[in-house]
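Beneath this line is the structure, given in structure tokens, with notes to follow.
Rule-based calculations on the coordinates, nothing more; no lab input. If you're wondering where the values come from, they're calculated on a predicted model, not measured in any experiment. Positions of Cβ are backbone-derived with ideal geometry, glycine not excepted, and every protein chain shown enters the neighbour counts.
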Number of protein chains: 2
Amino acid sequence: MMMTPELIRKKLKELNLKVTPQRVVILKTLADNKSHPTAEEIYREVIKKQPNIAVGTVYNILETYVNRGIVEKISSIGDKMRYDVVSEDHHHLFSKNSDEIEDYFNVELAGIIGRYLEVNEIPGFKVEGFKLNISGEFTKRGKN
Amino acid sequence: MMMTPELIRKKLKELNLKVTPQRVVILKTLADNKSHPTAEEIYREVIKKQPNIAVGTVYNILETYVNRGIVEKISSIGDKMRYDVVSEDHHHLFSKNSDEIEDYFNVELAGIIGRYLEVNEIPGFKVEGFKLNISGEFTKRGKN
DNA sequence: TCTTAAATAGGAATTATTATTATTTAGAAT
DNA sequence: ATTCTAAATAATAATAATTCCTATTTAAGA
């Protein structure tokens, strides 16, 4: 689903967050950029459109978005935080050779796992969600 | 499988790594500590047994172990790196309320997912492995 | 148009991790 | 047991990612 500035403004209003140009551009940049970027990568992209934005502002806005459920931090081998817009339930494909990460949508597989975990309860643990991190090699370049 | 210092020394020799007291104690600490600790947590634990160890040494040894396949970094919401001894294939349970992470062994579920991914190839991607990150609440305290 | 709480810019501080260099040491060779 | 040396470590500085602080700006309600 295409995240237009209008939709972003609407969403921010729904959440009682002031609609600032910085907030709009950060969320749009993240929505348009499916590479699960770090804060620094988002900053470098955003600064092209907003030369005065401060890196602290980027971190602050991302943290606000995470707290409000618009954005999530994705779990990866953690030397830097990476971000993703919250969208339909999905998983991730991680390249073993690079930092590339792609979304992986598979409702069927998610259903299989979800049902399995419902039927086979984990002792001492109440399941509330899961993410499948699949690692391997990207064989076709998306850029070709 | 209990990781004794003897087994650790054996493993290091197999990999042509010098057997130093620091290396032994770090691997033992990690093997005895199933909490998927950060480097800082490992350092705080190890320094009780080796008061002169340097934090740089801990990072260095962990990196060596990761490179050699003895230890892996686990993927989590990445503000700090977390480590785990490589053992039988397993997944992780993440607490939504705390930093607690526990191992989750389930050969059956892993088999289901593995077979699904074999049968249903992901276009442009060659699967080599996967980890299931399950989040929720720990309802029974392991410490009780 | 005015007001003000919220947000941002700018930059300092903190923290996690890596790099550098001098010194120590594991272990092979004798 | 001793010697030698490449590998490893200690100590500390440097770097990078992230957070914090404060003065200023601004979104939006009145």
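Before moving on, here are some points about what is shown:
- For residue A:106, distant residues with modelled amide H under 5 Å away: A:91
- Along segment A:81-93 the Karplus relation, 6.51 cos²θ - 1.76 cosθ + 1.60 evaluated at θ = phi - 60°, assigns HN-Hα couplings of 7, 10, 10, 8, 5, 5, 9, 4, 3, 8, 10, 9, 9 Hz to successive residues, with x for each Gly and Pro.
- Net charge, residue A:86 excluded, C-beta distance under 10 Å - Lys, Arg +1, Asp, Glu -1: -3
- The H on the amide N of residue A:135, modeled in the peptide plane, is under 5 Å from the matching H of A:94, B:128, B:129, B:130, B:131, each at least 5 residues off or on a different chain.
- Legend: calculated FRET efficiency, residue A:2 to residue A:126, from the Cβ-Cβ distance at R0 = 22 Å, rounded to 0.05, equals 0.05.
- 3J(HN,Hα) from dihedral phi, segment B:107-116, Karplus parametrisation 6.51/-1.76/1.60, rounded to Hz, x for glycine, proline: 5, 5, 5, 4, x, 4, 5, x, 5, 4
- Whether the protein assembly as shown is rounded, prolate or oblate, judged on the alpha carbon gyration tensor where a/c under 1.5 counts as rounded: prolate
- Paramagnetic label zone (point 7 Å from Cα along Cα-to-C-beta, residue B:99; backbone N under 15 Å) in segment A:78-98: A:78-79
- Two-site label geometry, residue A:59 and residue B:89: point separation in nm, points 7 Å out along Cα→Cβ: 4.0 nm
- Count Lys and Arg as plus one, Asp and Glu as minus one, and take only other residues whose Cβ is under 9 Å from that of residue A:17; the net charge is then +4.
- Close amide H contacts of residue B:71 (hydrogens built in the peptide plane, cut-off under 5 Å, sequence separation of 5 or more or a different chain): B:66, B:86.
- Shortest-first nm distances, residue B:17 label point to equivalent points in other copies (7 Å, Cα→Cβ): 4.3
- Alpha-carbon centroid distance for the pair segment A:17-39 / segment B:61-79, whole angstrom: 31 Å
- Of B:25, B:107, B:71, the one that fluctuates the most in a GNM where chain B has Cα springs shorter than 10 Å: B:107
- Aspartates and glutamates whose Cα lies under 16 Å from that of residue A:48, excluding same-chain neighbours fewer than 8 positions away: A:32, A:40
- On the rotation that sends chain A to chain B, the chain A Cβ lying closest to the axis gives residue and distance in whole Å as A:78, 1.
- Distances in nm from residue B:48 to the matching label points in the other copies, shortest first (labels 7 Å along Cα to Cβ): 5.2
- Phi to ³J(HN,Hα) by Karplus 6.51 cos²θ - 1.76 cosθ + 1.60 over segment A:42-54, Hz, x for Gly, Pro: 4, 4, 5, 6, 5, 5, 5, 9, 9, x, 9, 5, 9
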